[in-house]
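Undergrad: The following block contains the structure, expressed as structure tokens.
Each value in this text was obtained by applying a stated rule to the coordinates, not by laboratory testing. Model, not experiment: these values are computed from the prediction. Glycine gets a Cβ as well: all are built from the backbone with ideal geometry, and neighbour counts include every protein chain shown.
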Amino acid sequence: MANTTASAEMLPTESSKQKQLKSLISKYGIYFAFIGLVIFMSAMHPAFLTVTNILNIIRQVTSIGLIALGVTIIIITRGIDLSSGSVLALVSVVAASLAQNPDWHAKMYPSLPALPVIVPILAALAIGSLCGAINGAFVAKTGIPPFIATLGMMIVARGAALIYSDGRPVSDLNDSYNFIGQGEIFGIPFPVILFIIMALISWILLNRTRFGKYAYSIGGNEQAAFVSGINVAKYKILVYTFGGFLAGMAGLVLSARISSGQPGLGNMFELDAIAAATIGGVSHAGGIGTIQGTVVGALIIGVLNNGLDLLNVSAYWQQIIKGSIIVAAVVFDMRKNARKN
Amino acid sequence: MANTTASAEMLPTESSKQKQLKSLISKYGIYFAFIGLVIFMSAMHPAFLTVTNILNIIRQVTSIGLIALGVTIIIITRGIDLSSGSVLALVSVVAASLAQNPDWHAKMYPSLPALPVIVPILAALAIGSLCGAINGAFVAKTGIPPFIATLGMMIVARGAALIYSDGRPVSDLNDSYNFIGQGEIFGIPFPVILFIIMALISWILLNRTRFGKYAYSIGGNEQAAFVSGINVAKYKILVYTFGGFLAGMAGLVLSARISSGQPGLGNMFELDAIAAATIGGVSHAGGIGTIQGTVVGALIIGVLNNGLDLLNVSAYWQQIIKGSIIVAAVVFDMRKNARKN
Amino acid sequence: QQDDGKVKIGVSIASFNDTFLMYVKDAMEAKAKELGDVEIVYTDGKEDVTIQLSQVENFIAQGMDSIIVIPASTDATKPITNAALKADINLVYVNRRPDYLPEGSYYIGSEERVAGEMQARYVAEALGGKGNVGILMGPLGADNTNKRTDGVKGIVADYPDMQVTREQSGKWMRDMGLSILENWIASGDKMDAIISNNDDMALGAIAALEANGMKKDVMVVGLDATPDALAFMEEGRLDATIFQDSKGQGQASVDTAYKLAKKETVEKETMVPFKLVTPENFKDFL
Amino acid sequence: MQSEVVLDMQGISKSFPGVKALSDVQLTLREGEVHALMGENGAGKSTLMKILFGMYTRDCGIIKLDGKEVELNGTLDSLEHGVSMIHQELSPVLHRSVAENIWLGREPVKGLLKLVDHDKMWADTKGLLERLDLEIDPREHMVSLTVAQMQMIEIAKAVSYNAKIIIMDEPSSSLTDKEVGHLFEIIRKLKGQGVAIVYISHKMDEIFEIADTITVFRDGQYISSVPARETNQSKLIKMMVGRELNKMFTREDHTIGEDMLKVEGLSLEKRFEDVSFDVKKGEIFGIAGLVGAGRTELVETLFGVRSKSAGHIYIKGKHVHIKSPDHAKKNGMALLTEDRRQSGLSLMLSVEDNTAVANMDSYVGGGNLLEVARLKKEAKEECKKIRVKTPTMTEPIGNLSGGNQQKVLLARWLLTKPDILFLDEPTRGIDVGAKAEIYKLISMFAQEGKTVIMVSSEMPELLGMCDRILVMHEGRNKGILDRNDASQEAIMSLALQKH
Ligand SMILES: Nc1ncnc2c1ncn2[C@@H]1O[C@H](COP(=O)(O)OP(=O)(O)OP(=O)(O)O)[C@@H](O)[C@H]1O
Ligand SMILES: Nc1ncnc2c1ncn2[C@@H]1O[C@H](COP(=O)(O)OP(=O)(O)OP(=O)(O)O)[C@@H](O)[C@H]1O
Ligand SMILES: [Mg+2]
Ligand SMILES: [Mg+2]
């Protein structure tokens, strides 16, 4: 049997140092693009590469980053989720209404006693997951395009957020709730810790569990996955549920960060999150994508937002620069596939 | 060979009238959904099915409809265009700046003489087409996902619109320009006529020209198109250029309709346009879709916006209802494919 | 007038995501209840004047007696105005004054620019006419963003030692105000005052300043006097805001539209002025 | 006298990352000859043809057409030089009509606006299909055709270019004998017109029937070219495999045990009706029939891919209700599907993941995490066992040659250690060496007391391997032949038997 592997090794490989470097760059294109961006920003502004600012960037990117983690897995299954920003908003108002200080004059439920912080947290995660599960059920059971199912949820969840809050912010939240968005542990902001933990969990889910292998397989070839004995519908629902769960967590973090639930929150976050995943190399044709890529994609967006603010680039020009750099980063990354033909 | 086809005929076929009706409904599901919606709205409000109101609906849906025509062809090639709303805005401010009345106090180019209306029209269509061509070039030549290429254009074109207009509306446009958006020919609003003409042209392009055949085959199986000697890159660029052209036209119509070019115009129009196409049966997996479907999809969105306003449904609830109906319409339409497996 | 004898009014509001406008809507609802024989339809313009034009067309198709519009853009109201006038329906603009206001159309509200000027004047006086100002703007290209920002810049230009060093759009959102301020603070640039186009972004700015222990060095001025903002002021965290009389505007608009429908005569323009709210007088606005 | 040389390729090399697919190979083609290109899976046959068709650019070497050196950048170049190709792994544009697929890229146009002339297109297609004796409606969408019909359309398309050279990369792999005969008629006609044909196939009998010259590649290298008359099967195999292959069909003695699978009156609406049979432990059970006989649907229904409309299934005497492949798997079944592209491979995923996907349940360890190391090890071992040729286990499976892809799919199912293994056209596109290995594996599998049910259109394979053969015709069971009674004639007479 030895000859099988031998045959592979036997084949002449081009192993000059240069080739190796080239293939390294092309394989990790987006990481190099990210490092290039960081070097550029540091050169342009001394405050960029300080601990405070780095924590700023990660903290600011947490909500989009959390959403992007879920969306990565969803896109890997060949889906899409447009509803995350709206789900975030819905979660933020509901959770906030359960975490208001009792003496606040505009309290949503005046008679509600002060609840332990676990109540709004569980409510948030449950609502997020439920919205995700509904997305998943529609996609899996009716076969409608994920674009439409989640577009529907995007509109409906935003409407629900507005109705629930009557279009008003739900403010003055208690301190233990605020900790989720503003607290620190050993000097590291709690949202940052949360994001790192969730990124790790997502990585493990995707690479070390059946769930992840099935996600890849469904995205790679759904028919084949089905014939291989995968309960495609079940796993699709789970994937969207996880996406909703993360959107819910993002809603929690963001509302705690500003100490207020708002029905207009998270507008267009889904686009930024999808962009982060796509920059990170997730393929919309399904079956391809990594968590580490998405994290870098989110950081690129975060660095751009932060760096352009630091450099005091005019708001109008920021858009042009941001749009161009996102495209440029992906073009740079793409060259790894350019050799294909 | 005879037995191959014969074998299918041999098997008992269920050809009762009922079955035929069923297959008719499932084949034209979305058209029935549309008719159902119209009947429902007419029953609910007497003003719905009046000539004025029907013209209202079509006029209101023109911009999204025009964009949706282009996006249909783009999605058929397995692409996407997120930039249309922003391109519309850019076009609107540039065209408007060339069509301002000379005596307007906030004239953008005070020394510019009154130009013939053809100048802003050509400028609009040229800029729209150029943006589309750039999208297409990035997609075709660098191989980056259309999502990213057009997301970049979405951000950049919006920025360019803001910079060009300094964030201000460009107003008080001359009457011949306004005619594009407000004029009537034999009592039919000019935008409606324009939309019908463009829909016809798009239909011919898609069904009666090589351009259309190639669009379908590139989306259906790009490899097959390539090996059949089709210049895939060229046709992709053309497809996106046509999409940009239509977005430019939408910018023209919309700015003429409100007699003002505005950098914030067309926000999220791309989503509505993509939704219209998707409702109309365009498949994001490429290769499938029709212009007539998209027109009906756009009308469904128009009827919803108009009808829910007519029925005095609260704005918040409108969102919930609209989102649900969009999903329901597509679920209903989907059943035609349910038999597949 | 409809068969049931009620006055039918269609209202198109620039955005349901704008907290202030929601209070205007509240006041409209209250007034309608008070009048009794009024039926009002509210629609959300989603910050898009073309959507509002569609809504007005729909109102005309429905045979409304009067139409109230809070326009998303004051520059593009001509088709709306013309459509309503052509259909012989009473038209009342609220809160944002269009330039085109011909016979038969009415206005209730104030001048946006003035609010920005009040903010800047207050800051200039408090800082002794010198210092660096950062402006948090609403969505780029939006009408009230432009007018309020213009107002601020106009006043700052009057003081040679004062300058606008930074400006950025926070799209009305509190979380964006917070992030922008974090970045500005990280840059290390000296900043003396933040003037925000609305309250929510100002409250976000305050959170960032407090987290960095800089609140005492930088004054923050908002606009709208929302309950949240007033609460911040009560706690001594917000320096000033501008009160726009949502109640006054809302009530006056329905009142005017109602009277027009009843063929009574009304003022062509009713000004409801802005008021500066500071820790000294905020209790009047709670 | 030998006819003119129309194509001369010399010193062609081509590398892919990690793989040297071709090194210094040559191919000479003469007018009016059928030139068979032979070699094991991954030998580089398709790669050379893709170079000739302008799909790949060669690393070095020269290509002469009609004596003139040419550069072929893109398929359009090749088409214009009179080369057309039937692709091995290329599906058509499914949701377009037959005519549109055939004329893709050269639709007839008319008028000033250059609108597509549909009438001419339909008529031309009709003419073309009639000339080739194909009874297919030009307006039919490709999706609604059977695999075999699609393949005949691909052939028709390649012919319609009126090319001087037609490359046929495994054109017969999804055809049954009847269509193959038909294809050969077409080839002979073309030959008469002076067209040169490169014919790639793993089916020996076809090669000796149709080829004039045979060129053999091994591991990306040119071995030799010989006139077909001057060689024979075993010499050829030796050239391809590099060693003697003593026997094709291995049938270790296996003892037939008690009942494994019993099927009673199974039906699927519109596809097949009232099929009954039973299979014992240790048995290799064949299913024969013409294209469209419903064999694929039968095994798919047994495996839960489709839901039966009537009938009962018993496994080891126990009545089972199989609702999905998931279910079937849990009942110890496995199914190697007929169309590996559509229902087998995830092209962008690695060889490893493609191998392990059906067996994930068994790698779930503590904390619900996968035992990744064991997964990698077992997947690798299984691939080794059936000699999958791949640079690494993490290579995207789309980069493997067709035969190797098929082997990975077999590995996928063997890894699940099933009791009942359904094989639908298991050796389609597999080279002789590998075929023999697969037969050996099947035989060993049966020897362990497991059951194999094999659908095949290759008669020798059924006759060589199976204990019993069920013959289907138009969705009905026409009889079960015992090994001793089975012969090509016996099967055909049942398969063609009218009611
Ligand atoms: N696009 C590609 N990228 C990387 N490797 C490739 C690619 N195409 C082919 N190869 C490799 O090149 C070698 C030759 O493949 P090729 O498809 O030419 O074999 P073949 O002789 O046609 O085999 P088969 O009989 O199985 O079709 C194989 O090792 C294959 O894995
Ligand atoms: N998706 C489908 N839609 C409609 N008819 C189908 C479909 N799949 C198969 N058929 C029909 O079912 C019958 C049997 O199918 P199929 O050709 O797969 O049988 P088979 O015996 O497995 O033949 P093959 O040798 O091609 O595998 C044929 O008449 C075919 O046309
Ligand atoms: Mg091959
Ligand atoms: Mg079959």
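Undergrad: Quick one: order D:H321, A:H45 by neighbouring beta-carbon count within 10 Å, fewest to most. All intermediate terms of the calculation are to be shown ahead of the outcome.
TA: Working: D:H321 10, A:H45 19.
Listing D:H321, A:H45 from fewest to most nearby Cβ atoms yields D:H321, A:H45.
Undergrad: Consider all pairwise Cα distances in segment C:63-132 and report the whole-number % of them above 21 Å. Kindly include the intermediate steps, with their values, before the conclusion.
TA: On the way: 967 of 2415 pairs.
Cα-Cα pairs in segment C:63-132 separated by more than 21 Å: 40 percent.
Undergrad: Here is a further query. Extension gain D:D59-D:F249, at 0.36 nm per residue separation less the Cα-Cα distance, in nm? Can you show the working numbers first?
TA: Working: separation 190, 0.36 × 190 = 68.40 nm, distance 3.97 nm.
My answer for the length gained is 64.4 nm.
Undergrad: Still on this structure, please answer the following. In segment C:1-106, which GluC sites (Glu not before Pro) fall in coil by DSSP and have 10 or fewer other Cβ atoms within 10 Å? Spell out each step's value before the answer.
TA: On the way: sites: C:E29, C:E34, C:E39, C:E47, C:E57, C:E103; in loops: C:E47, C:E103.
Within segment C:1-106, the qualifying GluC sites (Glu not before Pro) (loop, at most 10 other Cβ atoms within 10 Å) are C:E103.
Undergrad: Moving on to the next point. Using R₀ = 60 Å, calculate the FRET efficiency as 1/(1 + (r/R₀)^6) where r is the Cβ-Cβ separation of D:H141 and C:E280; round to 0.05. Before the final figure, lay out the partial values.
TA: On the way: r = 78 Å, r/R0 = 1.30.
For D:H141 and C:E280, the calculated efficiency is 0.15.
Undergrad: Still on this structure, I have one more. Take the Cα radius of gyration of segment D:5-241 and divide it by 2.2 N^0.38 Å, with N its residue count; two decimals is plenty.
TA: Values: Rg = 18.0 Å, N = 237, 2.2 N^0.38 = 17.6 Å.
For segment D:5-241, the normalised Cα radius of gyration is 1.03.
Undergrad: Same structure, new question: Between C:K130 and D:E489, with labels modelled 7 Å along Cα→Cβ, what's the label distance in nm to one decimal, could you check?
TA: Taking the simple label geometry, C:K130 and D:E489 are separated by 11.6 nm.
Undergrad: Now, a different point. Where both partners of a DSSP beta bridge lie in the protein assembly as shown, what percent of those bridges are antiparallel, to the nearest 5? Intermediate values should be presented prior to the final figure.
TA: Working: 59 of 135 bridges.
Bridges in the protein assembly as shown that DSSP calls antiparallel: roughly 45 percent.
Undergrad: About the Cα centre of the protein assembly as shown, how large is the charge dipole given +1 on each Lys and Arg Cβ and -1 on each Asp and Glu Cβ? Please answer in debye to the nearest 20. Write out the running numbers ahead of the final one.
TA: Working: 137 positive and 144 negative charges, 599 e Å.
Charge dipole, the protein assembly as shown, about its Cα centre: 2880 debye, nearest 20.
Undergrad: I've got another one for you. If you take the Cα Rg of segment B:213-274 and divide it by 2.2 N^0.38 Å, with N the number of residues, what do you get? Each step should come with its number before you reach the end.
TA: Working: Rg = 16.2 Å, N = 62, 2.2 N^0.38 = 10.6 Å.
Against the compact-globule rule of thumb, the ratio is 1.54.
Undergrad: Using a cut-off of 13 Å between beta-carbons, work out the net charge of the residues near A:L88 (Lys and Arg +1, Asp and Glu -1, A:L88 not included).
TA: Details: positive: A:R158, A:R257; negative: A:D81, A:E270, A:D272, C:D175.
After counting each charged neighbour, the total is -2.
Undergrad: Above 15 Å lies some portion of the pair distances; for segment D:252-322, what is it as a whole percent of all C-alpha pairs? The partial results should precede the final answer.
TA: Working: 1368 of 2485 pairs.
Considering segment D:252-322, 55 percent of its Cα-Cα pairs are separated by more than 15 Å.
Undergrad: Let me ask you something else. Under 12 Å from the Cβ of A:A68, count the other residues' Cβ atoms, weight Lys and Arg +1, Asp and Glu -1, and hand me the total.
TA: Numbers: positive: none; negative: A:D81, A:E270, A:D272.
That works out to -3.
Undergrad: Let me ask another. Hey, any idea what the orientation-averaged projected area of the convex hull of segment B:186-341's Cα atoms comes to, in nm²? Let's see the in-between values first.
TA: Numbers: hull surface 49.4 nm².
Seen from a random direction, the Cα hull of segment B:186-341 projects 12.4 nm² on average.
Undergrad: Just name one of A:L246, D:L129, C:N281: the one whose Cα is farthest towards the positive end of the charge dipole of the protein assembly as shown (beta-carbon charges, Lys/Arg +1, Asp/Glu -1).
TA: D:L129
Undergrad: Less than 17 Å apart at the alpha-carbon level, and either on another chain or at least 8 residues along: which aspartates and glutamates does that give for D:K120?
TA: Candidates past the 8-residue exclusion: D:E100, D:E107, D:E130, D:D137, D:E140.
Undergrad: Could you give the length gained by full extension between D:S307 and D:S3, i.e. 0.36 nm per residue of separation minus their alpha carbon distance, to one decimal place? Don't jump to the answer; show the numbers that get you there.
TA: On the way: separation 304, 0.36 × 304 = 109.44 nm, distance 5.74 nm.
Length gained between D:S307 and D:S3: 103.7 nm.
Undergrad: Please report the relative contact order for segment D:259-495, taking Cα pairs under 8 Å with a sequence separation of at least 6, and give it as a percent rounded to a whole number. If you can, show how the numbers build up before the last one.
TA: Working: 463 pairs, mean separation 68.5, N = 237.
About 29 percent, as a whole number.
Undergrad: Answer with one residue from C:G188, A:M268, B:S217: the one whose Cα lies farthest towards the positive end of the charge dipole of the protein assembly as shown, charges on Cβ with Lys, Arg +1 and Asp, Glu -1.
TA: The listed residue farthest towards the positive side: B:S217.
Undergrad: At a threshold of 8 angstrom on Cα-Cα distance, excluding pairs fewer than six apart, so keeping six or more, what relative contact order does chain A reach in percent? If you can, show how the numbers build up before the last one.
TA: Values: 578 pairs, mean separation 113.9, N = 341.
Worked out over chain A, it gives 33 percent.
Undergrad: Show the residues, 5+ positions off or on another chain, whose built amide H is closer than 5 Å to the amide H of C:V7.
TA: Amide H neighbours of C:V7, under 5 Å, 5+ apart: C:V38, C:E39.
Undergrad: By what distance, in whole Å, do the Cα atoms of segment A:230-315 stretch along each of the three principal axes, largest value first?
TA: The principal-axis extents, from largest down, are 52, 31, 18 Å.
Undergrad: Using Stokes-Einstein with the Kirkwood hydrodynamic radius over Cα pairs, what translational diffusion coefficient do you get for segment D:259-495 at 20 °C and a viscosity of 1.002 mPa s, in µm²/s rounded to a whole number? Before the final figure, lay out the partial values.
TA: Details: Rh = 18.2 Å.
The calculation lands on 118 µm²/s.
Undergrad: Stokes-Einstein D for segment D:346-415 at 25 °C, 0.890 mPa s, Kirkwood Rh over Cα pairs, in µm²/s?
TA: On the way: Rh = 11.9 Å.
Once the numbers are plugged in, D ends up at 206 µm²/s.
Undergrad: Still on this model: Please give the direction-averaged projected area of the C-alpha convex hull for the protein assembly as shown, in square nanometres with one decimal. Let's see the in-between values first.
TA: Values: hull surface 229.7 nm².
Projected over every direction and averaged, the Cα hull of the protein assembly as shown covers 57.4 nm².
Undergrad: Quick one: plug the Kirkwood hydrodynamic radius of segment B:176-220 (C-alpha pairs) into Stokes-Einstein at 20 °C, 1.002 mPa s, and report D in µm²/s. All intermediate terms of the calculation are to be shown ahead of the outcome.
TA: On the way: Rh = 12.1 Å.
It diffuses with D of about 177 µm²/s by this estimate.
Undergrad: Checking the cross-link filter: which aspartates and glutamates have an alpha carbon closer than 14 Å to that of C:K216, excluding same-chain neighbours under 8 positions apart?
TA: Of all the aspartates and glutamates, those that pass the test against C:K216 - Cα under 14 Å, at least 8 places apart if same chain - are C:D192, C:E235, C:D239.
Undergrad: Counting other C-beta atoms within 10 Å, and keeping those with at most 13, which DSSP coil GluC sites (Glu not before Pro) do you find in segment C:230-281? Display every interim value, and only then the final one.
TA: Numbers: sites: C:E234, C:E235, C:E264, C:E267, C:E269, C:E280; in loops: C:E235, C:E264, C:E267, C:E280.
Of the GluC sites (Glu not before Pro), the ones in loops of segment C:230-281 whose Cβ has at most 13 other Cβ atoms within 10 Å are C:E235, C:E264, C:E267, C:E280.
Undergrad: Further question: Restricting the calculation to Cα positions, tell me the Rg (one decimal) and the Dmax (whole number) of segment D:114-266 in Å.
TA: My reading of the Cα-based Rg and Dmax gives 20.8, 70 Å.
Undergrad: Additional query: In the structure shown, do any of D:K50/D:K114; D:K262/D:K407; D:K68/D:K164; C:K130/C:K275; D:K262/D:K329; D:K407/D:K435 have a Cα-Cα gap over 20 Å, and if so which?
TA: Numbers: D:K50/D:K114 32 Å; D:K262/D:K407 28 Å; D:K68/D:K164 15 Å; C:K130/C:K275 24 Å; D:K262/D:K329 17 Å; D:K407/D:K435 10 Å.
Too far apart for the 20 Å limit: D:K50/D:K114; D:K262/D:K407; C:K130/C:K275.
Undergrad: Let me ask you something else. Given chain C reduced to its alpha-carbon atoms as identical point scatterers, what log10 I(q)/I(0) does the Debye formula return at q = 0.13, 0.16, 0.17 Å⁻¹?
TA: -0.84, -1.13, -1.23
Undergrad: Let me ask something else about it. With no solvent and one equal point scatterer per Cα, compute the Debye intensity ratio I(q)/I(0) for segment D:51-161 at 0.17, 0.20 Å⁻¹ and report its log10, rounded to two decimals.
TA: -0.88, -1.06
Undergrad: Based solely on its DSSP helices, what 222 nm [θ] is calculated for chain C when runs of n ≥ 4 H residues each add -39,500 (n - 2.57) and the sum is averaged over all residues, nearest 500 deg cm²/dmol?
TA: Details: 9 runs with 123 residues, N = 286.
Theoretical 222 nm ellipticity from helices: -14000 deg cm²/dmol.
Undergrad: Which shape class applies to segment A:35-97: rounded if a/c is under 1.5, otherwise prolate when a/b exceeds b/c and oblate if not, where a ≥ b ≥ c are the square roots of the Cα gyration tensor eigenvalues? It would help to have the intermediate numbers written out before the result.
TA: Details: a/c = 4.12, a/b = 1.65, b/c = 2.49.
Judged from the Cα gyration tensor, segment A:35-97 comes out oblate (a/c at least 1.5, b/c at or above a/b).
Undergrad: Give the calculated FRET efficiency between C:K216 and C:V114 to the nearest 0.05, with a Förster radius of 25 Å applied to their Cβ-Cβ distance.
TA: Values: r = 29 Å, r/R0 = 1.17.
It comes to 0.30.
Undergrad: Fewest first, what order do D:D419, B:D333, C:D239 take by the number of other Cβ atoms within 10 Å?
TA: Working: D:D419 17, B:D333 26, C:D239 22.
Ranking D:D419, B:D333, C:D239 by Cβ neighbours within 10 Å, fewest first, gives D:D419, C:D239, B:D333.
Undergrad: Label point 7 Å out from C:E235 along Cα-to-Cβ: which residues of segment A:255-297 have amide N under 18 Å?
TA: Residues passing the 18 Å test: A:255-262.
Undergrad: Under 11 Å from the Cβ of B:G136, count the other residues' Cβ atoms, weight Lys and Arg +1, Asp and Glu -1, and hand me the total. Can you show the working numbers first?
TA: Values: positive: B:K141, B:K234, B:K236; negative: B:D81.
It works out to a net charge of +2.
Undergrad: Here's a follow-up. Chain B: Rg/Rh from Cα coordinates, Kirkwood Rh?
TA: My calculation puts Rg/Rh at 1.03.
Undergrad: Can you figure out the FRET efficiency of D:V70 with D:V109, using R₀ = 41 Å and their beta-carbon distance, to the nearest 0.05? If you can, show how the numbers build up before the last one.
TA: Working: r = 28 Å, r/R0 = 0.69.
Once rounded, the FRET efficiency stands at 0.90.
Undergrad: Another one. Work out how much length A:S324 to A:L311 would gain on full extension: take 0.36 nm times their residue separation and subtract the Cα-Cα distance, in nm to one decimal. Could you put the intermediate results ahead of the total?
TA: Values: separation 13, 0.36 × 13 = 4.68 nm, distance 1.68 nm.
Result for the pair: 3.0 nm of gain on full extension.
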